[in-house]
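First comes the structure, then the notes that go with it.
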Amino acid sequence: MNFQSLTGEWRFRQAGTKEWLPATVPGGVHTDLLAQGRIPDPFVGDNEKKVQWVAEADWEYRYDFAAAADIFSQPHVWLVCDGLDTLAEVTLNGRSLGQTNNMFRQYRWDVKELLQAEGNELLITFASPVQYVTEKQAERPMFGVSQAIPGGPYLRKAPCQFGWDWGPQLPPIGIWKDIRLEAGPGPRLDDVHVRQSHNDGQVTISAAMSVTNAAEALTAKLQIVAPDGEEMVVETAVSANTTLSLPIDNPQLWWPNGYGEQPLYQVTVSLLQGETELDKRSYQLGLRTIDLRQDPDEWGRSFEFVVNGVPIFAKGSNWIPADSFPTRITDEYLEGLIRSAAETHQNMLRVWGGGFFEEERFYDLCDKYGIMVWQDYIFSCSIYPMDKPDFLENVRVEVEENVRRIRHRASLALWCGNNEMEWGWVEWGWTRPDLADMKAAYDRFFHHLLADWSTTLDPDTPYWPSSPSSDTPFDSPNGQAQGDAHYWDVWHGRKPFTAYRNQFPRFMSEFGFQALPPLNTIRTYAEEADWNMTSYIMERHQKNDSGNSLMVGQMLDTFRLPKDFSSLVYLSMALQAEGIRYGVEHWRRYRDRVAGTLYWQLNDCWPVASWSSLDYYGRWKALHYAARRFYAPVLLSIEDAPPQQTVYLTSDIREEWQGTLRWSLETLAGEVLASGVEPVQAAPLATTQISAFDFAGQVKDENRRNLLFIAELWQADQLVVRQTAFFAPTKHLELVAPQVTATCCAEEGQLIVELNTHSLARMVELSLAGADMVFSDNYFDLPAGRTVTVSGTLPEGWDLAQAEAALQIRSVYESFT
C-alpha cells in the first residue's frame with residue numbers, strides 16, 4: 001500500500017465569503033482563526049461569548065495538490081479521512097464524494113476515476129453543528145446537561161464540546177485527524193483481530209483477518225518482536241477465514257502500574273502477493289488476562305478487576321478531552337498528563353463518555369505506563385434518539401470501527417455503555433409518559449443491541465451497560481450491593497466530607513470536589529482586578545451552577561476566612577485535597593468490600609475552576625500531590641473519631657509487609673504527652689488494623705485545639721510515611737507562626753530542600769516564583785521538631801542561588817494572618 005499525506009497547509013473561509021485564509025490540517029476553524037488574529041483567545045476573560053458565531057457559521061476547507069506518481073499509477077486509490085468534525089460534504093475536482101455526520105468515524109472513498117496527475121482540488125464544506133442541533137431540538141427536545149448548547153445528543157460529536165459543568169461552549173469544526181490517499185492493486189486488510197490466549201503459563205498470540213478485494217496467491221504473515229528483540233514469524237495462504245498464531249516462549253506478562261512491569265510485544269500483520277507487501281497493520285501488545293470478577297459475597301456481589309489472576313484495587317481518576325480544541329494536544333503534553341497519573345500510583349483511567357474515543361497515542365501511553373482503561377462509549381447525561389434507524393446505523397459503524405481499533409490493547413479493561421443515563425431514567429425525572437418510547441429505546445440499545453455489538457466484536461473485554469449501574473436495568477444504579485457508584489452528595493448536596501464514610505460502594509467510579517486552579521493559571525484568563533470569587537470573569541470560568549459558593553461554604557467549615565485572593569486559591573486546593581483524601585482512605589480501608597476509586601477528574605480542557613487534580617497546563621494542584629500519598633502501594637491511614645484514633649495499613653503489594661509504627665500525642669509546639677512503638681505485620685493485598693487509641697484521658701475541651709496525633713510508619717531506620725490527625729477542625733486549631741526554615745542544596749540537577757519548623761505547619765505549600773516545579777511532596781503537614789526533605793528537578797538554566805531566591809513557603813497559618 002502506498003500513501004500520500006494530505007495534511008499541512010490548506011486554505012479556509014467562511015461559506016459565502018470570498019477571502020481564503022491559511023489553514024493547518026489537522027486543525028479547526030477556531031484555531032485557524034486564532035492563528036490569523038481573526039478572533040481573540042477564547043480561553044481569556046469572557047472571549048468564549050465573543051466567538052460563539054464561529055460554530056454558528058458554515059465553513060469551507062480547500063486543498064490543491066498533485067498526485068504522487070506511485071499513487072496515481074495504482075489501479076485503486078482511496079481518499080481516507082480519519083476524522084471530520086462533523087457535518088461535512090467532501091468534493092474532489094467538482095464531484096461530490098459523500099457527506100459525513102460522525103466525528104468518531106473514518107470515511108473512505110475510491111477516487112481513482114476522479115484523480116488527476118496534477119491540479120486536483122479537494123473541497124470540504126462543513127455545516128454549522130449549532131444550527132443543526134438547534135433545528136433538531138426544536139422538532140423534539142432531548143434532555144441534556146443544562147450548561148450545554150441544547151440538542152447535542154442529535155449529533156455524533158463529543159458531547160462536552162457543546163458545553164459542560166467544567167467546559168466551555170466551543171464546538172470545534174474541521175479536519176481533526178489524518179487525511180491521506182491510499183493506493184494499491186486492490187486487495188487490502190479489512191479487519192484484523194489480534195488476540196491472546198493464556199493456558200497454564202503458556203501464551204499464544206493469534207491474528208484473524210478478513211481481506212477486501214481478495215485475489216489469488218495472497219499470503220498473510222504474522223510477525224512478533226519480543227521486548228528483548230527476539231523475532232517470531234509465521235506465514236499462511238489467505239483463505240476465506242485466515243487465522244495465524246504463534247506460541248510465545250517465556251512470555252513476559254504486562255501488569256498494571258504498581259503491580260509489575262509493562263513489557264510490550266510488537267505485532268505486525270502483513271498481506272503479501274509474492275514478495276510485494278500490499279498492506280499491513282501494526283500493534284503494540286502486552287500479555288495479560290483481565291477479568292471483571294462479580295462474585296456473590298456477604299455484601300451482595302463484588303466488582304473487582306483481576307489481572308493475571310491477581311485482584312487489583314483500581315486507583316485512578318476520570319479522563320476528559322485534554323483540550324477543547326483537541327488538535328492542539330502535543331505528544332509531549334499528552335504524555336505529561338499520563339505520566340503524572342502514573343507518578344501518583346494511578347493504575348486506571350476512565351475515558352468518560354462525554355468526550356471521544358481517544359487517539360492511538362493515548363492508548364500507547366496507557367500501555368506503556370500500566371494504566372488500565374475503563375472505556376465509555378460516547379453517550380452521556382442525555383436522552384439520545386435511539387428510536388431512529390439511521391442514527392442507530394451511524395452508531396453501529398462507529399462502534400465497529402472503534403472497538404476494532406482499540407480491542408487489542410493491554411490497557412483495555414472494560415467497555416461501558418454510557419455515563420449516568422440509567423441514573424437519569426431512575427432519578428432525574430426522565431420517566432414521563434411522553435418519553436416512554438425513549439426509555440424503551442434506551443433499554444433495547446444499552447441492554448441488548450450495544451451489548452451484543454460490543455461482546456461480538458470484542459469477546460475478551462467485559463461490557464457494562466452504564467455508569468453507575470447495578471447491572472439490573474433501572475434498579476438502584478447507585479446501590480451499595482453490586483455494580484459501580486457515583487457519589488455527589490458531598491459536592492452537589494453540600495454534605496460534609498465525613499459523609500464519604502457512610503458509603504460502601506463495590507466500586508466508586510465518580511466522586512469529586514472542586515478547587516480553583518493555581519494562581520499562575522488564573523493569571524492567564526483574569527486580570528488582577530477580577531481576582532474575586534464573585535467577579536464576572538471568575539464566574540465565567542466556573543461552569544458549575546453555584547460552584548464558587550459551594551467551594552467557599554465548605555472552605556469556611558474547615559478553614560478560617562482567607563486574608564486575600566492568593567490565600568483563597570491556596571485554601572481551595574488544600575480543601576479539595578483533604579476532601580478526596582478523606583474518601584479514598586476510607587474506601588481503601590475496606591479493600592475487601594470496595595474494589596476501586598476513580599475520582600473526578602484528572603485533567604482540564606481549558607483554564608477553569610473544576611474538580612481536576614491537574615489543571616489545563618498540567619500544573620499539579622494539591623489534590624494531585626495528595627493522590628501520590630493516598631494511592632501509595634502501602635497506605636497508612638487514620639480513622640479519626642476524636643478522642644479515638646484508629647490506625648490502619650492498607651497494602652496493594654503481593655508480599656507480606658513488615659515494619660514499625662511510631663506514634664505520639666503532642667501539642668502543636670511538639671511537647672509529647674504520650675508515645676509508643678508497635679511492630680507492624682501487614683497481609684498482602686489487604687487492610688490491617690494496626691492499633692486503636694483512645695485519648696479520652698488526655699484530650700479535654702481546654703486543650704483539644706492544641707493537640708495532634710502523629711503516626712509514622714518505619715521500615716528499619718527509614719521513614720516510609722507520616723500521617724497526622726487532629727481533635728478539632730483546622731480553623732479552630734491554636735496555630736502560631738510556624739517559622740519554617742528551609743536549607744537548600746543542588747545535586748545532579750535536583751533541588752533538595754530540607755524543612756524544619758518550631759510549631760506545626762499545616763499543609764505546607766512549596767513553589768518557585770517564576771517557574772513551574774513538581775516537588776517530590778507538597779501540601780503536607782510539618783510537625784514541630786520533625787524534618788521533611790523534598791526534591792524536584794531544577795528549571796532549565798537555573799542554579800541553586802536562583803532557586804533559593806525564588807523559593808516560597810506558606811502554610812495554613814499564613815492564609816489568615
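The values are calculated or read from the model by the stated rules, or taken from the named source; none is laboratory data. In this text the structure is predicted, and so the values were computed from the model without any measurement. Heads up, the Cβs are rebuilt from the backbone with ideal geometry, glycines too, and the neighbour counts pull from every protein chain shown. Surface areas here come from the heavy atoms of the whole protein model, side chains and all, with no ligands, DNA or RNA. Shrake-Rupley method; radii C 1.70, N 1.55, O 1.52, S 1.80 Å.
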| Between helix 547-558 and the chain: long-axis angle, C-alpha atoms, 0 to 90°, nearest 10 | 20 degrees
| query | Relative to the longest principal axis of the chain, what angle (0 to 90°, nearest 10) does the C-alpha long axis of helix 360-369 take? | reply | 40 degrees
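Let me know the whole percent of all Cα-Cα pairs from region 346-435 that are separated by more than 14 Å. Walk me through the intermediate numbers first.
Numbers: 2775 of 4005 pairs.
Of all Cα-Cα pairs in region 346-435, 69 percent lie more than 14 Å apart.
Beta carbons within 10 angstrom, averaged per residue: use that to sort the peptides 21-30, 96-105, highest first.
Numbers: 21-30: 20.8, 96-105: 18.9.
Ranking, from highest mean packing down: 21-30, 96-105.
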| remark: Using the Kirkwood formula on alpha carbons, the hydrodynamic radius of region 566-699 in angstrom works out to 16.8 Å
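Among rounded, prolate and oblate, which fits region 216-354 when a ≥ b ≥ c are the square roots of the eigenvalues of its C-alpha gyration tensor, a/c under 1.5 means rounded, and a/b larger than b/c means prolate? Write down the numbers at each step before the final one.
Working: a/c = 2.15, a/b = 1.52, b/c = 1.41.
It comes out prolate by the Cα gyration axes.
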| Can you pull the percent of Cα pairs in region 156-303 with separation above 28 Å? | 47 percent
| field | region 393-434: mean projected area of Cα convex hull, nm² | value | 4.5 nm²
| query | For the chain, what is the mean residue ellipticity at 222 nm derived from helices alone (per DSSP H run of n ≥ 4: -39500 (n - 2.57); sum divided by total residues; nearest 500 deg cm²/dmol)? | reply | -5500 deg cm²/dmol
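Hey, can you find the accessible area per residue of region 327-446 for me, probe 1.4 Å, expressed in square angstrom? Walk me through the numbers before you get to the answer.
Working: 3470 Å² over 120 residues.
Computed with neighbouring chains in place, this is 29 Å² per residue.
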| message | What would the Debye equation give as log₁₀ I(q)/I(0) for region 3-98 at q = 0.16 Å⁻¹, counting only Cα atoms as equal point scatterers? | response | -0.78
| note | Measuring from the longest principal axis of the C-alpha atoms of the chain, the long axis of helix 331-343 (C-alpha) lies at a number of degrees, nearest 10, equal to 40 degrees
| Largest-first principal axis extents, alpha carbons of the chain, Å | 89, 65, 64
| request: Quote the FRET efficiency, to the nearest 0.05, computed for Ser566 versus Asn2 with a Förster distance R0 of 60 Å and r equal to the Cβ-Cβ distance. | output: 0.55
| query | Karplus couplings for region 666-673 from phi (6.51 cos²θ - 1.76 cosθ + 1.60, θ = phi - 60°), rounded to Hz, Gly and Pro as x? | reply | 9, 7, 4, 8, x, 6, 8, 9
| remark: Of all GluC sites (Glu not before Pro) in region 255-355, the ones in DSSP coil with at most 16 other Cβ atoms within 10 Å are Glu261, Glu275, Glu298
| task | Give, rounded to the nearest 20 debye, the magnitude of the charge dipole that the chain has about its Cα centre when Lys and Arg contribute +1 at Cβ and Asp and Glu contribute -1 at Cβ. | result | 1360 debye
| said: On a full-extension model of 0.36 nm per residue, what is the gain between Thr524 and Ile653, subtracting their alpha-carbon distance, rounded to one decimal in nm? | reply: 42.2 nm
| message | Probe radius 1.4 Å, ligands and nucleic acids ignored: give me the carbon and sulfur share of the accessible area of the chain as a rounded percent. | response | 46 percent
| task | Provide, for q = 0.24, 0.28 Å⁻¹, the log10 of I(q)/I(0) from a solvent-free Debye sum over equal Cα point scatterers in region 172-233. | result | -1.10, -1.22
| note | Full extension between Ala117 and Glu216 adds, at 0.36 nm per residue less the Cα distance, a length in nm of 32.7 nm
| remark: For Ala440 and Val80, extending 7 Å from Cα along the Cα-Cβ vector and measuring point to point gives, in nm, a value of 4.3 nm
| said: Could you work out how much longer the chain between Ala696 and Asp452 gets when fully extended? Use 0.36 nm per residue separation minus the Cα distance between them, nm to one decimal. | reply: 81.9 nm
| request: Please work out the Cα center distance from region 389-434 to region 94-124, rounded to the nearest Å. | output: 29 Å
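Where does each of 220-228, 616-624 land if you order them by average Cβ count within 10 Å, highest first?
Values: 220-228: 17.4, 616-624: 22.9.
Ranking, from highest mean packing down: 616-624, 220-228.
Please work out the average accessible area per residue across region 545-698, using the 1.4 Å probe convention, and give it in Å².
Details: 4650 Å² over 154 residues.
Here the residues of region 545-698 average 30 Å² of exposed surface.
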| request: Would you mind estimating how fast region 596-670 diffuses translationally, via Stokes-Einstein at 25 °C and 0.890 mPa s with the Kirkwood radius over Cα pairs, in µm²/s? | output: 158 µm²/s
| said: Using a Förster radius of 45 Å, what is the FRET efficiency between Gln739 and Lys50 based on their Cβ-Cβ separation? Nearest 0.05, please. | reply: 0.40
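What is the packing order of peptides 241-253, 748-760, taking the mean over residues of other C-beta atoms within 10 Å and listing the highest first? Numbers along the way, then the final one.
On the way: 241-253: 15.3, 748-760: 17.5.
Answer by packing, highest mean first, reads 748-760, 241-253.
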| Reachable aspartates and glutamates from Lys439, criterion Cα separation under 12 angstrom, eight or more residues apart if same chain | Asp387, Glu422
| note | Yeah, region 42-195 with a ≥ b ≥ c from its alpha-carbon gyration tensor (a/c under 1.5 is rounded, else prolate when a/b outruns b/c, oblate otherwise) is prolate
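What do you get when you divide the Cα radius of gyration of region 328-479 by 2.2 N^0.38 Å, with N the number of residues? Could you put the intermediate results ahead of the total?
On the way: Rg = 16.4 Å, N = 152, 2.2 N^0.38 = 14.8 Å.
In units of the globular-protein estimate, region 328-479 measures up at 1.10.
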| field | Longest to shortest principal axis, alpha-carbon extents of region 684-786, angstrom | value | 50, 41, 22
